[in-house]
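Notes for the one structure printed next.
The values are calculated or read from the model by the stated rules, or taken from the named source; none is laboratory data. This one's a predicted model, so the numbers in the text were calculated from it and none came from an experiment. Cβ: placed from backbone, ideal geometry, glycine included. Neighbour counts: every protein chain shown. Areas reflect the complete protein model, heavy atoms only, side chains present, ligands, DNA and RNA absent. Shrake-Rupley method; radii C 1.70, N 1.55, O 1.52, S 1.80 Å.
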Amino acid sequence: MDETNLINSAQNGDIEAFNRLVLAYQEQVYNVALRMLLNEDLAEDATQDAFLSAYRHISHFRGGSLRAWLLRIVTNRCYDELRLQKRKPQEPLHPVDGETGEEQEDPPYLRDNHDLPEEALARKQLESAIHNCIEGLSNEYRSAVVLVDIQGLDYKQASQVIKKPIGTLKSRLARARLGLQDCLQGAWELLPAEYRLNQEGINE
């Protein structure tokens, strides 16, 4: 994919060129939205809104990282949604089944189909704890963790997304990691000893 040519074509009104850019980045944009909002339906809406906004403003893109530009748009859209959710506390940010409206115990983005049956319960408990701990982070801390630790952006790219200095990003990330570590420590100690030993051996 010649991204530069596609961007130029999209800026000249070529919808097909823009659609190819969407296909290239839609998974990354959706994953950021999903980790920020922790809800599949909201993440899908945020992703769609982000690409619509990108299409309307593609003429204003002046080069640099298109990926960072798109992730900045969807991150800002997620901030808007999270602020809305704070004004509506009766609508918690838990994964909800789009058909039944019921809270999901095992959302798709936390599933691991390679676990042995005896490991499934322990992993499910840990993933639930991770979900709850991420949800407990402030919007700014959550975006830092999602962009750097989950999406793998470097500090420069992530700072471009949140439009803050690298020092600010590093500070937020450090605080977010400490918060997650403290939050997860209790959950980790509650897991079966055999499971914890196995995971520690894998990470060595």
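Probe of 1.4 angstrom, ligands and nucleic acids ignored: what's the accessible area per residue over segment 1-90, in square angstrom? Working shown, then result.
Values: 4800 Å² over 90 residues.
Ligands and nucleic acids excluded, the result is 53 Å² per residue.
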Item to check | Rounded to whole Hz, the Karplus (6.51, -1.76, 1.60) HN-Hα couplings of segment 169-178, x for glycine and proline | outcome: 4, 4, 5, 5, 5, 4, 5, 5, 5, 5
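Can you pull the percent of Cα pairs in segment 1-90 with separation above 15 Å? Provide the component values of the computation, followed by the final result.
Working: 2263 of 4005 pairs.
That tail contains 57 percent of the Cα-Cα pairs.
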Checklist entry - Quick one: net charge of Ala46's neighbours, Cβ under 9 Å, K/R +1, D/E -1? => result -4
